[in-house]
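The structure appears below as structure tokens.
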Amino acid sequence: MEARQRGFTLLELMVVVLILGMLVAIVVPNVRRHIEKARISTAKTDMATMGNAVQVFEMENKKLPISLEALTEPDPMLGEALLAYIPSDPWDQPYEYRRLSRRKYEILCSGPDGESGTQDDLRHPIVLRE
């Protein structure tokens with residue numbers, strides 16, 4: 001009597017691989033889109049946090065900081081810095097801080113493409129009291 005081998009046929013394995021391939025084709029683009037949305041949300045939150053620190057700095061010092069790094073220096077009166085550190089954006093690029101006038105500034109993020117001045121750039125404009 002011959003022992004019958006147990007296992008999957010080639011056709012059954014091919015069907016399973018085909019189904020897995022279809023699932024990956026559906027899921028991966030959705031996951032990537034949500035990851036990119038999360039990165040944009042993170043950048044906006046970072047810029048808002050830095051913007052709040054700039055406003056506190058302005059209220060305490062009656063002037064805007066020269067750079068974002070000034071927000072990490074300990075305050076002489078409180079002994080603490082407004083921010084522990086300046087993060088990089090989610091695409092590992094530095095945020096850009098610009099003083100536009102005595103009371104106006106903006107914080108920029110170059111966005112997913114990593115290039116400033118393109119359509120995907122993110123801005124955090126703030127206009128303080130004149």
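Each reported figure results from applying straightforward, stated rules to the coordinates on display, with no laboratory input. If you're wondering where the values come from, they're calculated on a predicted model, not measured in any experiment. Neighbour counts run over all protein chains shown; Cβ positions are idealised from the backbone, glycine included.
Assorted remarks:
- Label point distance in nm, L11-I26, each placed 7 Å from Cα along Cα→Cβ: 2.4
- Here the Kirkwood formula puts the hydrodynamic radius of the range 1-51 at 15.0 Å, using every distinct Cα pair.
- The packing ranking of peptides 91-102, 18-29, highest mean first, is 91-102, 18-29, where packing means the average number of other beta carbon atoms within 10 angstrom of each residue.
- Using 0.36 nm per residue and subtracting the Cα-Cα separation, the extra length available between R123 and L78 on full extension is 13.2 nm.
- Nearest 10 degrees, 0 to 90: helix 10-61 Cα axis against the chain principal axis: 10
- Stretch gain in nm, segment S41-N61, where the contour uses 0.36 nm per residue and the Cα spacing is subtracted: 4.2 nm
- Mean ellipticity per residue at 222 nm, deg cm²/dmol - from DSSP H runs of n ≥ 4 across the chain, formula -39500 (n - 2.57): -15000 deg cm²/dmol
- Candidate lysines - alpha carbon under 30 Å from K63, same-chain residues fewer than 8 apart omitted: K44, K104
- The Kirkwood hydrodynamic radius of the chain, based on inverse pair distances between different Cα atoms, is 18.4 Å.
- Low-density loop positions, trypsin sites (Lys or Arg not before Pro), the range 13-76 - DSSP coil, at most 10 other Cβ in 10 Å: K62
- Neighbour-limited loop hits for GluC sites (Glu not before Pro), the range 1-42 (at most 16 other Cβ within 10 Å; DSSP other than H, G, I, E, B): E2
- Across the chain, the mean sequence separation of Cα contacts (distance under 8 Å, 6 or more residues apart), normalised by length, yields a relative contact order of 17 percent.
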